[in-house]
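**Student:** Let me begin by handing over the structure; questions about it come next.
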Amino acid sequence: MASEKEVETVIVGNYEEMESEGKPRDIKSRLLSLLWHGGSVYDAWFSCASNQVAQVLLTLPYSFSQLGMLSGTLFQLLYGLLGGWTAYLISALYVEYRTRKEREKFNFRNHVIQWFEVLDGLLGKHWRNVGLAFNCTFLLFGSVIQLIACASNIYYINDNLDKRTWTYIFGACCATTVFIPSFHNYRIWSFLGLLMTTYTAWYLTVASLLHGQVEGVKHSGPTKLVLYFTGATNILYTFGGHAVTVEIMHAMWKPKKFKGIYLLATLYVVTLTLPSAAAVYWAFGDMLLNHSNAFSLLPRSPFRDMAVILMLIHQFITFGFACTPLYLVWEKAIGMHECRSLCKRALARLPVVIPIWFLAIVFPFFGPINSTVGSLLVSFTVYIIPALAHMFTFKSPAARQNAVEQPPRFLGRWVGAYSINVFVVVWVLVVGFGFGGWASMVNFIHQIDTFGFFTKCYQCPTPPMLNATAPSPPPH
């Protein structure tokens, strides 16, 4: 009981100047508390759900065209459950690590715990290095994907500029996320982000049903193994948003209450992703194979423009979600993590944005890049490594007996937990990384061969040739 209380007595945040402990709460402090300081269970739920359902909402119909309706639905349900389970494992390991460190009188008041530090404290430096490499690379490309999505979406409102130019512009806009200190300060953003994706999901569903099926629509998927496993790994990526679980937990006032939050967030996300992907695929069928962004097939209307604008704002928020752990790692590397000046820390964070900006211009393949990141990075970062780490942390009888978080009884306690962990590792290693890695790399290389690096406008409509109807010159 004492250790439980110890875990729950959490003072979160690196920015003590933002705290108002022991001070009278004036209007300003109450407003900041309402909009800025978020550490409740509800804040964590909004952050998890908002982070999980970003731009993939627009690429899931593309995955359904590759997988077919039945496989697309089953993969969403399967990876949603596996994602909820591994998020639970990460939360259990975080609580275990934090409890052990606090028993040693370690103070986390000015320090944000991250996943690689949990691995280091529980399993040693080799696990830390592997976790750090996978986690940072995944979050780097996750930020790249958000930037690519911004350019892809705005093009459907304003095509006066090509997508590469829009990437330059939104790269500068997203760089302002350096001023958001931690997940503790995403309260209003995560709430608004989820409202925005909810609107977009139901717009896609209703607009597709009202539009009806296009003439001669075909639903021939799955037709090729390459496309099948490419679509499956995009769904793997969709439910792999828990790479930031530790940072979200650390932002909570009572992190031990997190364990069921991610699963509840996933259940809500499925109510958005399944109807929207199924409806768009029903309406447009195989046309989606050449249109990875669902917006590109729906006719322009004020409702579509509103959905595009809301998704743009949400992608800015999700860019911050993916980048914030990178900012924190960079701060720790250069010795700025405990600096109290927000402006100095923001300036120190800017170099993190530059490689993201550059990679988004090099690989603007909206859709295919999701599958590649899903198979090569997400598979290890948020599925295989957490499952293995949980098994190795509690491999001894003493560790299992003294574990702060015991596995649920209805799953069979430790026998059930180890059985599920083995299934996760084998399934994701074979299907996600093996077949998925092969398929996504074949597809990704095909995009490079077709469009090339630094392509100016990926999957933009080809302008008609000006001289296509010009009469031939008369013979001499």
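**Student:** Rounded to two decimals, what is Rg over Rh for the chain when you use alpha-carbon atoms and the Kirkwood radius?
**Tutor:** Here the Rg-to-Rh quotient is 1.00.
**Student:** Farthest toward the dipole's positive end in the chain, which of Gln213, Thr59, Thr223, given Cβ charges of +1 (Lys, Arg) and -1 (Asp, Glu) about the Cα centre?
**Tutor:** About the Cα centre, the residue reaching furthest to the positive side is Thr59.
**Student:** Through the Karplus equation 6.51 cos²θ - 1.76 cosθ + 1.60, θ set to phi - 60°, convert the phi angles of segment 318-329 into ³J(HN,Hα) values in whole Hz; use x for Gly and Pro.
**Tutor:** Each residue of segment 318-329 in turn: 5, 4, x, 4, 6, 7, 4, x, 5, 4, 5, 4 Hz.
**Student:** Please turn the phi angles of segment 295-303 into ³J(HN,Hα) values with the Karplus equation 6.51 cos²θ - 1.76 cosθ + 1.60 (θ = phi - 60°), one per residue in order, whole Hz, x for glycine and proline.
**Tutor:** My calculation for segment 295-303 gives 4, 5, 9, 8, x, 5, 7, x, 5 Hz in order.
**Student:** Determine Rg/Rh for segment 347-457; Rg is computed over alpha-carbon atoms and Rh is the Kirkwood hydrodynamic estimate from the same atoms.
**Tutor:** 1.17
**Student:** Going by the alpha-carbon gyration tensor, a ≥ b ≥ c the square roots of its eigenvalues, is segment 293-395 rounded (a/c under 1.5) or, if a/c is not under 1.5, prolate (a/b greater than b/c) versus oblate?
**Tutor:** oblate
**Student:** For Ile188 paired with Ile334, estimate the spin-label separation in nm (one decimal), with each label point 7 Å from Cα along the Cα-to-Cβ line.
**Tutor:** So the label points at Ile188 and Ile334 sit 2.8 nm apart.
**Student:** Over segment 33-97, with every protein chain in place, what whole percent of the accessible area is carbon and sulfur at 1.4 Å, could you tell me?
**Tutor:** 81
**Student:** Continuing with the same structure: Pairs of Cα atoms under 8 Å, at least six residues apart: use those to get the relative contact order of the chain, whole percent.
**Tutor:** Dividing the mean separation by the residue count of the chain yields 31 percent.
**Student:** Let me ask something else. Calculate, axis by axis, the spread of Cα positions in segment 106-234 along the three principal axes, and write the results as whole Å, longest axis first.
**Tutor:** Largest first, segment 106-234 extends 65, 37, 28 Å along its Cα principal axes.
**Student:** Continuing with the same structure: Give me a comma-separated list of calculated 3J(HN,Hα) values for segment 191-208, in order, Karplus coefficients 6.51, -1.76, 1.60 applied at θ = phi - 60°, integers in Hz, x for any Gly or Pro.
**Tutor:** 5, 5, x, 5, 4, 5, 6, 5, 4, 4, 4, 6, 5, 4, 5, 5, 4, 5
**Student:** Considering only C-alpha atoms, what is the centroid distance from segment 190-206 to segment 216-230, in Å?
**Tutor:** Centre-to-centre (Cα) distance: 27 Å.
**Student:** How charged is the neighbourhood of Leu204? Take every other residue with its Cβ under 15 Å from the Cβ of Leu204, and add Lys/Arg as +1 and Asp/Glu as -1.
**Tutor:** Local net charge: +1.
**Student:** Next up: For segment 173-279, how big is Rg over Rh, using alpha carbon atoms and the Kirkwood form of Rh?
**Tutor:** Using only Cα positions, Rg/Rh for segment 173-279 is 1.06.
**Student:** Separate question: Let me know the whole percent of all Cα-Cα pairs from segment 219-327 that are separated by more than 22 Å.
**Tutor:** When every Cα pair of segment 219-327 is considered, 49 percent fall beyond 22 Å.
**Student:** I need to check one value: relative contact order of segment 350-450, counting alpha carbon pairs closer than 8 Å and at least 6 residues apart, in percent.
**Tutor:** Across segment 350-450, relative contact order equals 43 percent.
**Student:** Give me Rg/Rg_expected for segment 58-173, where Rg uses Cα atoms only and Rg_expected = 2.2 N^0.38 Å with N residues.
**Tutor:** 1.51
**Student:** Rounded to the nearest 0.05, what FRET efficiency is calculated for Ile169 and Asn402 with R0 set to 51 Å and r the Cβ-Cβ distance?
**Tutor:** 0.40
**Student:** Please get the size of the charge dipole for the chain, origin at its Cα centre, with Cβ charges of +1 on Lys and Arg and -1 on Asp and Glu, quoted in debye to the nearest 20.
**Tutor:** Magnitude of the dipole: close to 780 debye.
**Student:** Rounded, prolate or oblate, given the Cα gyration tensor of segment 39-96, with a/c below 1.5 counting as rounded?
**Tutor:** Oblate shape, in that a/c is at least 1.5 and b/c is the bigger or equal ratio.
**Student:** With every atom except the alpha carbons ignored, what do you get for Rg and Dmax of segment 176-222, in angstroms?
**Tutor:** 18.3, 52
**Student:** Taking 2.2 N^0.38 Å as the expected size of a compact globular protein, what ratio does the Cα radius of gyration of segment 152-206 give against it, to two decimals?
**Tutor:** Taking the Cα Rg and dividing by 2.2 N^0.38 Å, one obtains 1.44.
The values are calculated or read from the model by the stated rules, or taken from the named source; none is laboratory data. Predicted model, so just to flag it, every value in this text is computed and none were measured. No Cβ is skipped: glycine too gets one built from the backbone with ideal geometry, and neighbour counts run over all protein chains shown. Ligands, DNA and RNA are stripped out before the accessible areas are found, and what is left, the full protein with its side chains, is counted by its heavy atoms. Shrake-Rupley method; radii C 1.70, N 1.55, O 1.52, S 1.80 Å.
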